[in-house]
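In what follows, a structure is listed as structure tokens, so that the remarks can point back to it.
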Amino acid sequence: MRTKELLETDLAKAQSLGLNVKPNVLVDSGGENVNQVVMESLVKSKLILLTIAQIDIEQSNSMVEMLFHRMKQLYLYTIVLSNFESLVKGADFYLHESNTRIPHSALKGATPEEVITGKWPEDRITELKEKIVAARKLRLEANRAVRCTPCLA
């Protein structure tokens, strides 16, 4: 039931971003993902496509699992989670930051939202590459300018 609610919330978010696509949701074969409620209300009504990792495709859903691992290790385990509402609030915060503010190297420095909405054009990628080269050059110059002082030992 919660999976259905989460997917419906995500569909509404996609529409609010102006995305009128039918998402292909990659899941594992767990009962929380593959069940009558999800199948009847979302898959059969053609609101989403459901791809089951290692059944419909050879690949695993390890990228999704890594996202959840990072969320737990880097954020959720560091805050007080006294009840279910605080867990939901913490997960929502982390996922929002991950999707809208934290750049991803696999996306060439863009956030997932920038890629999905087309707000990460090629000129921004080029600009980022130029800034990386310039920053490296400044670091090299700063490191070379430092004079080694004799050890006092």
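Of all the residues in the range 101-128, those that are of a type outside the set (Phe, Trp, Tyr) and either in a loop (DSSP other than H, G, I, E, B) or over 22 Å from residue 14 (Cβ atoms) (or both) number 17.
In the range 15-32, of all residues being closer than 18 Å to residue 95 by Cβ and modelled with pLDDT of 85 or more, the one that is surrounded by the fewest Cβ atoms within 10 Å (Cβ to Cβ) corresponds to 16. Listed by first and then second residue, the pairs linking a residue in the range 115-133 that is under 15 Å from residue 102 (Cβ atoms) to a residue that is charged (D, E, K, R), with Cβ atoms under 7 Å apart and 6 or more places separating them unless they lie on different chains, are 120/114. The set of residues in the range 129-153 that are in a helix (DSSP H, G or I) and β-branched (Val, Ile, Thr) comprises 132, 133.
Candidates are the residues of the range 53-78 that are loosely packed, with under 13 Cβ neighbours inside 10 Å and of a type in the set (A, V, I, L, M); the one that is farthest from residue 125 (Cα to Cα) is 55.
Given the criteria assigned to a helix (DSSP H, G or I) and within 18 Å of the chain's Cα centre (by Cα), does residue 72 qualify? Break it down into steps so the answer makes sense when it comes.
Working: assigned to a helix (DSSP H, G or I): yes; within 18 Å of the chain's Cα centre (by Cα): yes.
Considered against the rule, which asks whether it is assigned to a helix (DSSP H, G or I) and within 18 Å of the chain's Cα centre (by Cα), residue 72 comes out as yes.
Part of a helix (DSSP H, G or I) and under 19 Å from the mean Cα position of the chain (by Cα): does that describe residue 85? Considered against the rule, which asks whether it is part of a helix (DSSP H, G or I) and under 19 Å from the mean Cα position of the chain (by Cα), residue 85 comes out as no. Taken together, the residues in the range 1-25 that are outside any helix (DSSP H, G or I) and over 18 Å from residue 113 (Cβ atoms) amount to 2.
Each row is one residue, and each column tells you yes or no for (1) under 25 Å from residue 5 (Cβ atoms); (2) surrounded by 10 or more Cβ atoms within 10 Å (Cβ to Cβ); (3) at pLDDT below 90.
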residue: 81; (1), (2), (3): yes, yes, no
residue: 94; (1), (2), (3): yes, yes, no
residue: 110; (1), (2), (3): no, yes, yes
residue: 114; (1), (2), (3): no, yes, yes
residue: 120; (1), (2), (3): no, yes, yes
residue: 124; (1), (2), (3): no, yes, yes
residue: 136; (1), (2), (3): no, yes, no
residue: 148; (1), (2), (3): no, no, yes
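Scanning the range 125-151 for residues that are of a type in the set (A, V, I, L, M, F, W, C) and either under 30 Å from residue 111 (Cα atoms) or touching a Pro at 6+ places or on another chain (Cβ under 8 Å) (or both) yields 125, 128, 132, 133, 134, 135, 138, 140.
The values are calculated or read from the model by the stated rules, or taken from the named source; none is laboratory data. These numbers were taken from a predicted model, which means no experiment stands behind them. Positions of Cβ are backbone-derived with ideal geometry, glycine not excepted, and every protein chain shown enters the neighbour counts.
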